[in-house]
Structures are given as C-alpha cells and as structure tokens.
Amino acid sequence: MTPARHVMVIGGGILGLAVARELALRRGHQVTLLEKEAAWGSHQTGRNSGVVHSGLYYQPGSLKARMCTAGNRSMIEFAQDHGLPVDVCGKLVVAVNDAERPRLAALLDRARANGVPARLLGPAEAREYEPEVAPAAALRVETTAIISYRAVCESLAADLAESGATLHTGQRVTRITSRPGRSGPEIIASASSLEVRADALVNCAGLHSDRIAELAGLELDARIVPFRGEYYELRPARRRLVRGLIYPVPDPSLPFLGVHLTQMIDGSVHAGPNAVLALRREGYRWRDVSAPDMAAALSFPGFWRLARRHYRAGGAEMARSFSRARFAASVARLVPAVTGADLVRAGAGVRAQVLTRSGALADDFLIRAAPRQVHVLKAPSPAATGAFEIARHVADQLAGTMA
C-alpha cells in the first residue's frame with residue numbers, strides 16, 4: 001500500500017483538526033487544513049453544550065456507540081495530557097412520571113450493551129445528586145464529563161502547527177477538480193485566495209459537507225437540512241439549582257435528546273436546546289435567512305416527508321422558540337423550581353441533520369469513501385466526544401482508498 005504524500009483536509013472544526021492530527025502522526029503525511037472561518041471550531045464544535053458523552057444512547061454496535069464510548073476516554077485523556085479543563089461530573093437522566101419508566105429501563109439496557117456504567121436510582125437517591133429534581137426514577141451515569149471543545153481545537157491546532165502541518169483559515173473552498181499527476185491523480189481545491197494540490201482529500205466540512213462532496217464529484221441521495229438549537233442560561237443567582245447535568249428521558253422517534261440542563265466548564269448553567277428549522281445553514285437567529293439554503297431544503301422531497309410525520313412536534317418546537325414561558329415549562333419538568341424569570345437568552349447552535357429522500361433521519365455517522373477521498377457527511381453529537389476515534393476510522397478508510 002502506497003500512502004498519500006499530501007492530504008488536504010477541508011473543515012477546521014474538532015473533527016477536521018483531529019483527522020489532520022491523526023494523518024500527521026500516521027506515516028508522516030504532509031497535511032494541509034483549510035477552514036473557511038477566521039477561527040477554529042466556529043460552528044457545530046464551538047456552539048454545543050460542551051459535554052463529553054458516555055455512549056449511553058446509541059444503537060449497540062453502531063459507529064456512534066463504539067466511537068462515543070471509546071472517545072469518552074480518549075477525549076478526557078487528551079484534555080488531561082494537555083492541561084485543558086475537564087470535569088468528569090456524571091449526569092442524571094430523569095423520568096418525571098411512571099409513564100417514562102419503561103423508556104428509562106430500556107436506556108439502562110442500552111447502557112449495559114454499550115459498556116457504559118449506569119445504575120437506576122429511586123427518587124430519594126436521585127435527589128442526593130440533584131436536590132431540586134422531582135423524579136419518579138432516574139439513571140445515574142458516572143462517565144459523562146464537561147469540557148471546552150474550543151480549547152481542544154486550539155490545542156489541536158497548536159499541535160498541528162508544531163508537527164509541520166499547513167493550516168489556513170479564511171479559505172472557503174469553491175471548486176474541486178482532479179487531473180493526472182506523477183504518482184497518480186492529483187486533487188486540486190480552489191479556495192478564497194489560494195489553490196491547494198494534494199494526493200488525497202478528507203471532507204470534514206460539517207454543515208457544508210454535502211456541498212463539498214458534490215464539488216468533489218460524489219452523487220448523493222441525501223441532503224443536509226439545518227436545525228437550530230436555542231439555549232437559555234440560568235441567572236447567576238439561580239445556578240445553585242443545578243449541580244451537574246440533568247437530562248430528560250429521550251423520545252426514541254426523534255434524533256434530539258430534548259431540553260436539558262448543563263453545568264458548563266466555566267460554571268454557568270445552560271438550558272436547552274430546542275430544535276427548529278434553521279433558515280440558513282449557519283442560521284443562529286430567526287433573522288438569519290438564506291434564499292439558496294432554504295430553496296435547497298424545501299426542494300428536497302425528504303424534507304416534506306419528514307415534516308408530514310413530525311408536524312406536531314415541529315409546531316411545539318416553534319412555539320417554544322418564541323415563548324420563554326414554554327421553554328421554562330420544559331425545563332421545569334426536570335427542575336420544578338425553574339421559572340421564566342430565571343432564564344436569560346444564551347447562544348444557539350445549528351445541527352447538520354442529514355435526510356434521505358424518503359424523509360428518514362440518518363441515525364448513525366455517515367462516512368463515504370471514493371478513490372483517494374473520504375467524506376464525513378454526517379457527524380453531529382456525539383462526534384465531538386468521539387473525534388479521535390472517528391479520525392482513526394477516517395484515516396483507515398483513506399488508506400484503503402489508496403490501495
């Protein structure tokens with residue numbers, strides 16, 4: 001097998017940085033990383049809840065399950081080795097009534113299948129961890145942690161620069177072509193102010209990964225449709241209501257975990273996210289609108305098939321987006337003492353949700369290989385947790401395309 005001499009990575013979120021690091025370490029690849037923003041981890045990476053997930057939720061044997069469980073360990077180890085703040089605080093998944101007990105029990109079974117340490121608690125035991133909850137039952141997961149993924153990105157970028165990788169910010173890729181080279185096909189990317197020629201390409205472009213894949217010549221039967229998750233945070237005087245992480249029992253028919261409470265690494269406490277259609281791929285506010293992005297979503301048949309199946313849930317999410325009282329009511333299911341007066345608007349994130357033409361939500365990570373190319377088409381949460389494991393998987397796949 002002949003390794004690629006020069007690999008181009010598109011996308012400077014945590015996954016693109018982790019892939020670049022893995023390639024730089026593996027057989028001494030020359031690596032060039034292109035990021036369209038001025039800073040690393042500006043979108044999905046830097047706007048999530050900062051949780052290092054345990055691997056609790058995911059289908060046993062799936063990429064998500066395997067890479068999240070292993071990634072929990074490797075991400076915590078990376079932070080500790082690099083002197084980055086990380087807190088293995090654990091979390092509580094709360095069943096608020098008896099009707100949710102069967103789903104909580106099923107979640108415990110899944111935790112055991114994935115090798116995640118978890119135990120079922122009664123109401124009194126749950127309140128020993130979180131005195132303000134009022135559960136029928138709860139699940140305690142010890143291995144969940146909190147971290148700053150932006151800090152991880154900065155550390156990865158420093159490691160890459162030290163290793164000799166070439167890093168470019170402010171470079172939006174607009175064209176990808178290929179032509180014969182001395183040692184095989186050469187991939188050429190035209191960006192904002194430079195052109196990069198490489199032996200191989202890895203696409204970690206997040207919210208734009210489907211577009212980069214199409215520029216590179218892939219034909220896709222799926223499309224990214226952006227969903228915004230909005231957050232509030234507790235006023236400083238009310239942060240004492242939450243000691244760590246408090247999650248609801250998730251609805252298995254939806255790809256989102258529901259509104260939860262997260263103590264961040266800086267001590268603040270965030271509540272959220274909801275899930276509403278974003279009107280732009282990077283639409284962090286309702287007024288962020290892109291006609292081309294909306295046309296791409298609304299012209300895709302999978303969007304309308306999804307909307308027909310979930311219009312009630314979608315309507316409820318929209319109502320919660322415009323009403324702090326509704327948002328507070330969702331939070332109060334977990335911590336009854338929280339009121340609308342305790343919440344102030346925080347930031348928002350956008351999730352790159354992949355839909356198929358049938359309207360199915362792609363559940364697992366979606367990674368496609370082509371000759372001398374690997375495209376990470378879908379890697380939302382828990383991709384940040386599993387970034388180093390996904391990077392190893394991508395590097396292995398890229399090596400296979402070079403055989």
Original post:
How far is it, in nm, from the label point at residue 174 to the one at residue 312 when both lie 7 Å from their Cα along the line to the Cβ?
Top reply: 4.8
**OP:** Find out how many positive minus negative residues lie around residue 256, taking Lys and Arg as positive, Asp and Glu as negative, among other residues whose Cβ is under 11 Å from that of residue 256.
**Re:** -1
Subject >> Cα convex hull of region 310-352, projected area averaged across orientations, nm² >> reply: 3.8
Subject >> Cα centroid separation - region 256-290 against region 72-90, whole Å >> reply: 24
Original post:
Rule-of-thumb check for region 208-247: C-alpha Rg over 2.2 N^0.38 Å?
Top reply: 2.20
Original post:
Anyone know which of 64, 36, 378 comes out most mobile in the 10 Å Cα GNM of the chain?
Top reply: 36
Original post:
With +1 on each Lys and Arg Cβ and -1 on each Asp and Glu Cβ, how big is the dipole of the chain about its Cα centre, in debye rounded to the nearest 20?
Top reply: 840
Subject >> Selected from 327, 256, 227 as most flexible by GNM, with the chain as the system and alpha-carbon contacts under 10 Å >> reply: 256
Original post:
Which one of 121, 306, 160 is farthest out on the positive end of the charge dipole of the chain, using unit charges on Cβ (Lys, Arg +1; Asp, Glu -1) and the Cα centre as origin?
Top reply: 306
Subject >> Kirkwood hydrodynamic radius over Cα pairs of region 62-140, then Stokes diffusion coefficient at 10 °C and 1.306 mPa s, in µm²/s >> reply: 113
**OP:** Once you have all Cα-Cα distances for region 317-403, histogram them in 5 Å bins from zero and send the whole-percent values.
**Re:** 3, 11, 15, 13, 12, 13, 10, 8, 6, 5, 3, 1, 0
**OP:** Using DSSP, restrict attention to beta bridges with both residues in the chain and report what percent are antiparallel, rounded to the nearest 5.
**Re:** 75
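Over region 108-174, what portion of Cα pair distances is larger than 19 Å, expressed as a whole percent?
62
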Original post:
Ranked by Cβ crowding within 10 angstrom, fewest neighbours first, how are 57, 149, 311 ordered?
Top reply: 311, 57, 149
Subject >> Size of charge dipole - region 261-388 - debye, nearest 20, with Cβ of Lys, Arg +1 and Asp, Glu -1, no other charges >> reply: 440
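Enter the per residue convex hull volume of region 246-355, computed from alpha-carbon coordinates, in Å³ rounded to the nearest integer.
Hull volume normalised by residue count: 117 Å³.
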**OP:** Per residue of region 349-355, in order, report the coupling 6.51 cos²θ - 1.76 cosθ + 1.60 (Karplus, θ = phi - 60°) as ³J(HN,Hα) in whole Hz, putting x for Gly and Pro.
**Re:** x, 10, 9, 7, 8, 8, 10
**OP:** Enumerate the helices in the chain for which the Kyte-Doolittle hydropathy averages 1.6 or more and the C-alpha atoms extend at least 15 Å along the helix's axis, using complete DSSP H runs.
**Re:** 14-25
Original post:
Taking the Cα-to-Cβ direction at residue 105 and at residue 295 and moving 7 Å from each Cα, how far apart do the two end points lie in nm?
Top reply: 5.3
Subject >> Dimensionless Rg ratio for region 167-273, taking C-alpha atoms and the 2.2 N^0.38 Å reference >> reply: 1.65
Original post:
When the Karplus curve 6.51 cos²θ - 1.76 cosθ + 1.60 is applied with θ = phi - 60°, which whole-Hz ³J(HN,Hα) does each residue of region 370-386 get, with x for Gly and Pro?
Top reply: 9, x, 6, 9, 9, 10, 8, 8, 8, 8, x, 3, x, 5, 4, 4, x
Subject >> Where a label projected 7 Å from the Cα of residue 304 along Cα→Cβ would reach, residues of region 335-362 with amide N under 16 Å >> reply: 356-360
Subject >> Inter-label distance, nm, simple model (7 Å from Cα along the C-beta direction), residue 124/residue 364 >> reply: 4.4
Subject >> Pair-distance profile P(r), taking every C-alpha pair of the chain, with 10 angstrom steps and integer % >> reply: 5, 22, 32, 25, 12, 3, 0
**OP:** Find the percent of Cα-Cα distances in region 1-103 that exceed 17 Å, and round it to a whole number.
**Re:** 68
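Bear in mind these aren't lab numbers, they're just calculated from the coordinates by the rules spelled out. Just so you know, these numbers come straight off a predicted model, no measurement behind them. Note that each Cβ is placed from the backbone with ideal geometry, even for glycine, and that neighbours are counted across all protein chains shown.
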